[in-house]
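A short worksheet on the structure shown next.
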Amino acid sequence: MALTFDATLIRMDDFRLIADWQIGKGERVAILGPSGAGKSTLLMALAGFVPLSAGRITWEGQDISRLPPDRRPVAMLFQDQNLFPHLTVGQNVGLGLSPRLRPDARQRSRVAQALAQVGLQGMEARRPAQLSGGQQGRVALARALLQDRPVLALDEPFAALGPAMKADMLDLVTKLAGERIVLMVTHDPADARRLAGQTVVVSDGMAHPPAPTARLLDNPPPALRAYLG
């Protein structure tokens, strides 16, 4: 299984971003670069929320560039977790299976299993406001995993957490993602080292091809060195 950005161009007003590379099954890829460079935009294009101006995105050789978000092989976690405050934890997670808020017995069982996987067993009836930030992140992760899509896109969903809790969440992603491809936008090189074997640097209108994370951070190219300081 391979995900390919095939000579893709994203253009919006005076913004321009090019990507032309491929990643394979089970790879963990961090996306690093300065604010405004296009890191989140790259994920939004992959998920179908931002159109391409040229090129295409393919999954297993099939062009997905014109598919709507719900038909793409991508589950996305957003920075704000995108939890609905008026719904219970179980209902929020259940949205990963169906937009219906009256799940059948099989769906309720799958929701309970997903919550158990992320360490929140028995919390189906709580509201998001009753949870800590880390627990809210776990709810969002459980919902994304329930979508059972082969690509997991993380747009800094754990950025607001403290270092120890964020590390726990990254380790949980590593544990539960299985053979999924994981792409994670981050501003923190420590996150890249912890989660990702490969890193994409986004700078100067280019999402550069993935390179080994340790090598890249130990000897950063000029654009990354300027960002890291």
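The values are calculated or read from the model by the stated rules, or taken from the named source; none is laboratory data. Remember, predicted model here, so these are calculated numbers, not experimental data. Reconstructed Cβ throughout: ideal geometry from the backbone, glycine too, with neighbour counts over all protein chains shown. Heads up: the accessible areas ignore ligands, DNA and RNA and are worked out on the full protein's heavy atoms, side chains in. Shrake-Rupley method; radii C 1.70, N 1.55, O 1.52, S 1.80 Å.
Scanning segment 109-132 for residues being surrounded by 15 or more Cβ atoms within 10 Å (Cβ to Cβ) and out of contact with any Gly (no Cβ under 6 Å at 6 or more places or on another chain) gives a total of 12. The residue pairs whose first member lies in segment 77-89 and is closer than 14 Å to ALA153 by Cβ, whose second member is acidic (Asp, Glu), and whose beta carbons are closer than 6 Å, counting only pairs six or more residues apart or on different chains, are PHE78/ASP155; GLN79/ASP155; GLN79/GLU156.
Kindly indicate which of GLY36, GLY24 is without any contact (Cβ under 8 Å) to a residue 12 or more places away in the chain and within 19 Å of the chain's Cα centre (by Cα). Exactly one residue qualifies, and that residue is GLY36. Inclusion of ALA223 among residues that are modelled with pLDDT under 90, open to solvent by less than 50 Å² (accessible area, probe 1.4 Å) and within 18 Å of GLY38 (Cβ to Cβ) is warranted. Would segment 87-104 turn up any residue that is in a strand (DSSP E or B) and in contact with a strand residue (DSSP E or B) (Cβ under 8 Å, 6 or more places away or on another chain)? No; the residues of segment 87-104 include none that is in a strand (DSSP E or B) and in contact with a strand residue (DSSP E or B) (Cβ under 8 Å, 6 or more places away or on another chain). Scanning segment 133-154 for residues that are open to solvent by 10 Å² or more (accessible area, probe 1.4 Å) and farther than 16 Å from LEU172 by Cβ yields GLN147, ASP148, ARG149, PRO150. For segment 171-229, enumerate the residues that are among the acidic types (Asp, Glu) and under 16 Å from VAL151 (Cα atoms). Result: GLU179, single match. Name the single residue, out of those in segment 67-111 being farther than 19 Å from GLY178 by Cα and of a type in the set (Gly, Ala, Ser), that is modelled with the lowest pLDDT. Once the filter is applied, the top-ranked residue is SER98. In segment 48-80, the qualifying residues are those that are among the charged types (D, E, K, R) and within 16 Å of the chain's Cα centre (by Cα), and the one that is least open to solvent (accessible area, probe 1.4 Å) is ARG72.
In segment 179-210, the residue that is nearest to ALA2 (Cα to Cα) out of those that are open to solvent by 20 Å² or more (accessible area, probe 1.4 Å) and part of a strand (DSSP E or B) is GLN198.
Does ALA159 meet the test of being open to solvent by 10 Å² or more (accessible area, probe 1.4 Å), under 25 Å from GLY90 (Cα atoms), out of contact with any helix residue (DSSP H, G or I) (no Cβ under 7 Å at 6 or more places or on another chain) and at pLDDT below 90? So ALA159 fits the description; yes.
Across segment 1-60, the qualifying residues are those that are in a loop (DSSP other than H, G, I, E, B) and among the hydrophobic types (A, V, I, L, M, F, W, C), and the one among them that is farthest from ALA226 (Cα to Cα) is MET1.
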